[in-house]
Amino acid sequence: MNNTEKIITEINGFHRDIEAWFRGEQDQNRLYKKLLSGFDADFRMVTGNGNTMTLATFSEWLPGTYGKFPERNIVIENIDVQITESHGLSSYIEIQTTGAVVTRRKSSAVFVIREEKVFWLHLIENWI
């Protein structure tokens, strides 16, 4: 698998797992560890509301959302990836549907590529 494919696989896999998390569909401890294992220790995120989250903040926020949205569906569209030897930059559209409420965000993410794995380093979400 080349680095572009690794990033696309990570984006799709993470969103599949976070959807399962929101729905409460898998073992909480195992899924929590799996979700966090894809992030670099220096991870930072700017949410659609302009708030900044670190990996520590995200890890503390996550448990409170387990099983809170049993009907949530997440769809990822239009993934674009540019890579260097050690980093990847991607953009994609994330659509979350919970009942009749649909939210859309355009996301840009920087990944660190280490050996055979990619790690989320920085994520910016913008509401559409």
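Contact order normalised by length for the chain, with contacts defined as Cα pairs under 8 Å and 6 or more residues apart; what percent is it? Don't skip to the answer; put the middle values down first.
Working: 234 pairs, mean separation 35.3, N = 128.
Contact order relative to length: 28 percent.
Listed by chain and number, the lysines placed with their C-alpha closer than 25 angstrom to that of Lys6 are Lys33, Lys34, Lys106, Lys117; residues fewer than eight positions away on the same chain are left out. Against the chain, whose longest principal axis is taken from its Cα atoms, helix 3-23 shows a tilt of about 10°. About the centre of its Cα atoms, the chain shows a dipole size close to 300 debye [charges on the beta carbon of Lys, Arg (+1) and Asp, Glu (-1) only; nearest 20 debye].
Cβ-Cβ distance of Thr54 and Ser108, R₀ of 22 Å, FRET efficiency by 1/(1 + (r/R0)^6): the value works out to about 0.80. For the chain, what proportion of DSSP beta bridges, expressed in % and rounded to the nearest 5, is antiparallel? Here the share of antiparallel DSSP bridges comes out near 90 percent.
Averaging the Cα positions of each part gives two centres, and for region 68-86 and region 88-120 these lie 4 Å apart.
Since every read-out is calculated from the coordinates, none of them should be taken as a lab result. If you're wondering where the values come from, they're calculated on a predicted model, not measured in any experiment. Reconstructed Cβ throughout: ideal geometry from the backbone, glycine too, with neighbour counts over all protein chains shown.
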